[in-house]
Amino acid sequence: MTTMEVWFEFASNYSYPAIMRVEPLARQAGVDIAWKPFLLGPVFRALGWDSSPFVVQKAKGEYALRQDMPRLCAKYGLPWRHPSVFPRRALLPLRVALLASEEPWVGDFCRRMMWLHFGEDVDIDQPGVVADTLAILGQDAEEVLHRAQSEPNRQRLREQTEAAQRKGLFGAPTFIIGDAMFWGNDRLEDALLWARGERHV
């Protein structure tokens with residue numbers, strides 16, 4: 001099966017609908033997923049931005065968060081609550097997602113984190129929130145959190161973010177199949193068609 005890399009950040013609002021949809025769509029398309037959590041902050045700073053472009057460009061942020069996201073979430077049947085903090089720090093769940101990137105429960109974990117963040121406006125960077133989700137998924141929360149916050153895993157996340165920059169990523173979600181890059185939730189279906197070999201260029 002062809003593998004599609006799914007590069008995402010829990011702080012990214014457009015990663016929310018993509019992460020909620022990607023597993024069933026990939027399964028239907030016969031495409032494997034490689035989960036690639038990374039940090040958007042260093043990417044943005046390298047581009048000369050000190051925050052999300054939706055903060056730097058206020059009008060764009062107002063449109064994305066007040067108009068586009070509510071419409072998208074209604075389209076996909078997802079809850080939406082305007083974040084009381086944006087962008088919200090989500091370092092701990094990213095470390096857990098990286099640790100679990102090849103575990104069968106990683107998709108459930110990512111969907112739960114996204115749902116809490118953008119559907120319920122919960123601060124998902126709190127250890128208790130992450131631990132509760134791990135327990136729901138039948139994982140040893142204490143053990144997973146210990147491993148996620150270990151220096152080797154922290155370094156691995158830094159290295160994964162550097163890998164994203166080398167690949168030319170500038171936002172999330174981004175889907176990569178071989179040398180082909182697709183950016184944005186609205187390109188998910190196109191990425192899966194490409195992964196299936198249905199190419200029109």
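The values are calculated or read from the model by the stated rules, or taken from the named source; none is laboratory data. Predicted model only: the values in this text are computed from it and were never measured. Virtual Cβ from ideal backbone geometry, glycine too; neighbours counted across all protein chains shown. The protein model used for the area step is the full one, side chains on, heavy atoms only, and it has no ligands, DNA or RNA in it. Shrake-Rupley method; radii C 1.70, N 1.55, O 1.52, S 1.80 Å.
Structure notes:
- Boolean, Trp35 is more than 16 Å from Arg88 (Cβ to Cβ), open to solvent by less than 50 Å² (accessible area, probe 1.4 Å) and outside any helix (DSSP H, G or I): yes
- Any hit, segment 141-150, residues being closer than 18 Å to Pro79 by Cβ, at pLDDT 95 or above and among the hydroxyl-bearing types (Ser, Thr, Tyr): no
- Scanning segment 45-78 for residues that are open to solvent by less than 40 Å² (accessible area, probe 1.4 Å), under 20 Å from Val122 (Cβ atoms) and part of a loop (DSSP other than H, G, I, E, B) yields Ser52, Leu78.
- Qualifying residue in segment 117-124 (condition: on the phi > 0 side of the Ramachandran plot, of a type outside the set (A, V, I, L, M, F, W, C) and surrounded by 15 or more Cβ atoms within 10 Å (Cβ to Cβ)): yes
- When Ala135 is tested against the conditions (1) of a type outside the set (Val, Ile, Thr); (2) out of contact with any Phe, Trp or Tyr (no Cβ under 8 Å at 6 or more places or on another chain); (3) surrounded by fewer than 13 Cβ atoms within 10 Å (Cβ to Cβ), the lone failure is (3).
- Test: Arg196 is surrounded by fewer than 19 Cβ atoms within 10 Å (Cβ to Cβ) and at pLDDT below 95: yes
- Test: residue in segment 24-36 that is at pLDDT below 95, touching a strand residue (DSSP E or B) at 6+ places or on another chain (Cβ under 6 Å) and closer than 27 Å to Leu193 by Cβ: no
- Residues of segment 79-100 that turn out to be open to solvent by 20 Å² or more (accessible area, probe 1.4 Å) and assigned to a loop (DSSP other than H, G, I, E, B), as a count: 9
- The selection criterion, being over 17 Å from the mean Cα position of the chain (by Cα), surrounded by fewer than 16 Cβ atoms within 10 Å (Cβ to Cβ), under 24 Å from Arg187 (Cβ atoms) and charged (D, E, K, R), holds for Arg166.
- Members of segment 178-191 that are open to solvent by less than 80 Å² (accessible area, probe 1.4 Å) and over 17 Å from the mean Cα position of the chain (by Cα): Gly178, Ala180, Asp190
- Taking segment 7-28 as the range and being over 17 Å from Val85 (Cα atoms), touching a residue at least 60 places away in the same chain (Cβ under 8 Å) and open to solvent by 20 Å² or more (accessible area, probe 1.4 Å) as the test, the residues that pass are Met20, Arg21, Glu23, Leu25.
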